[in-house]
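Notes to accompany the following structure.
The values are calculated or read from the model by the stated rules, or taken from the named source; none is laboratory data. Since this is a predicted model, take the numbers as computed values, not measurements. Positions of Cβ are generated from backbone atoms using ideal geometry, with glycine treated the same way; all protein chains shown enter the neighbour counts. Just so you know, the surface numbers come from the protein's heavy atoms only, side chains and all, with ligands and any DNA or RNA stripped out. Shrake-Rupley method; radii C 1.70, N 1.55, O 1.52, S 1.80 Å.
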Amino acid sequence: MHPALSVILFTTISGAGYGMLFWLGLLAPFGLLPVEAGFGVTASLLALALVSFGLMSSTLHLGHPERAWRAASQWRTSWLSREGIASLIAYVPAVLFALLWLITGAPGWVGLASTATAAITVACTAMIYVSLKPIRQWCNPYVLPIYLLAALFSGGACLAGVATFWHASSLLGYASGGLAAVTLAAKLAYWRSIDAGNGNRTPADATGLGKLGTLRVLDPPNTEENYLQREMGYRIARKHARRLRVIAVALGFIAPILLLPFVPPVAALAALLGILIERWLFFAEATHTVMLYYGRAT
C-alpha cells in the first residue's frame, strides 16, 4: 500500500496524544502524578495538541478535506466513522479534566472518562485496518494490540518527559519502558506472522483454475498505471524493509527502554521517530489482493 505521510503522522502523533490522555486520566486522580495545576494543564494541552495535529493531518490524504465531516454519517458500518465520532467525544472529558485541574487545583475523576474515550478512539483506528480482509498484513490479530500498546507506550514516554520538569518520580518512565518491551515483542511476532506468508493468495486461488496448471497473465488489463496501482501496488525491496525494521526497533524501542528512566524527553522523541518508521513499514509492506489482477504472483 502507498505509505501516505498524512496517515502515518496521524496514527503516530494522535496515538501518542491519546496515550497521554489515557495515563493522565488514570493516574492523576490517584495522586500518582504531580498535583500542580501547571503540570496538569501543560500535559493536557500537549496531549490535545498532539491529538488535534494528528487528526488534521489525516484529512490531507482526502481528495476533498472539507468533506471529512461526512464520514461520521456511516457509523453503523464504518470503523472510520466510529473513529471520527469517538475522537470528537474524547475532547469533552479531556477538556473538562484540564479545566477542573486548573480551577480547583486538583485532578478530578472525570479523567477516567478521558481514559476510556482515548482507548476507544485508538481501538477504532486500529479496527479500520483489521477489518480490511483483502490485506492480510492488516487483517491480522496482532494489529489491534500493537496499536493500543504503541499508543500507551509513546504516550507514557511523552508524559514522563513532561513530568521530568516537575521533578516527578521515574515510576512512569520505568512503566513506559516495560510497555516498550511488550510492544516490541508484539511487533516482532507480527513481523514473523506476515513473513511466514500465511494467507497469501495467488491467481490460482482467485480463479479456481489451479488444477489445470500454472496460471499466468497473457496481457495487462490496462496500458497506463491507474489509481489502484498507485495506491495499492507499492513495492519495497526486502533488503530495505529489513534495514528499516532494524532502525525502527533500535530507535523506537531499544533506545526508549534504555533512556526512559534517565532522560525521558529524549526517549519520547526517539519513540515517536521509531514509531513513524514502524508505521511507514506497516503500509509499505501491506499487499492488496487486487494486485493479482495486475500481474502479481502472490
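In table form, for the structure just shown:
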| quantity | calculated |
| --- | --- |
| Failed item, numbered, when Gly233 is tested on (1) touching a Phe, Trp or Tyr at 6+ places or on another chain (Cβ under 8 Å); (2) open to solvent by 60 Å² or more (accessible area, probe 1.4 Å) | (2) |
| Within the stretch 238-255, considering residues that are under 30 Å from Gly63 (Cβ atoms) and out of contact with any helix residue (DSSP H, G or I) (no Cβ under 6 Å at 6 or more places or on another chain), the one surrounded by the most Cβ atoms within 10 Å (Cβ to Cβ) | Ala241 |
| Positions within the stretch 222-253 being closer than 20 Å to Trp280 by Cβ, of a type in the set (A, V, I, L, M) and touching a residue at least 24 places away in the same chain (Cβ under 8 Å), in sequence order | Met232, Ile236, Ala241, Leu244, Ile247, Ala248, Val249, Ala250, Leu251 |
| Matching option when the condition is under 20 Å from Leu276 (Cβ atoms) and not polar (S, T, N, Q), among Ala168, Ala160, Ala196 | Ala160 |
| One residue from Leu258, Leu269 being open to solvent by 70 Å² or more (accessible area, probe 1.4 Å), part of a helix (DSSP H, G or I) and closer than 16 Å to Val162 by Cβ | Leu269 |
| The one condition in (1) in a helix (DSSP H, G or I); (2) at pLDDT 95 or above; (3) open to solvent by 40 Å² or more (accessible area, probe 1.4 Å) that Thr164 fails to fulfil | (2) |
| Count of residues meeting criterion [touching a helix residue (DSSP H, G or I) at 6+ places or on another chain (Cβ under 8 Å) and open to solvent by 40 Å² or more (accessible area, probe 1.4 Å)] in the stretch 170-187 | 4 |
| Matching entry among Ala49, Ala71, Ala43 (being touching a helix residue (DSSP H, G or I) at 6+ places or on another chain (Cβ under 6 Å) and closer than 14 Å to Met20 by Cβ) | Ala43 |
| Arg67, sole failed condition from (1) under 15 Å from the mean Cα position of the chain (by Cα); (2) over 27 Å from Leu179 (Cα atoms); (3) not aliphatic (A, V, I, L, M) | (1) |
| When residues of the stretch 107-138 are limited to those that are polar (S, T, N, Q) and assigned to a loop (DSSP other than H, G, I, E, B), the one most open to solvent (accessible area, probe 1.4 Å) | Ser131 |
| Subset of the stretch 188-205 (residues that are assigned to a helix (DSSP H, G or I) and open to solvent by less than 60 Å² (accessible area, probe 1.4 Å)) | Ala189, Tyr190, Trp191, Ser193, Ile194, Pro203, Ala204 |
| Helices (runs of 4 or more DSSP H) lying entirely in the stretch 1-103 (those with 2 or more residues that are open to solvent by 70 Å² or more (accessible area, probe 1.4 Å) and without any contact (Cβ under 8 Å) to a residue 60 or more places away in the chain) | 37-58 |
| Condition check for Arg279: out of contact with any Lys or Arg (no Cβ under 8 Å at 6 or more places or on another chain), open to solvent by 80 Å² or more (accessible area, probe 1.4 Å) and within 20 Å of Tyr190 (Cα to Cα) | no |
| Breaking point among (1) under 25 Å from Phe30 (Cβ atoms); (2) part of a helix (DSSP H, G or I); (3) among the polar types (S, T, N, Q), for Gln229 | (1) |
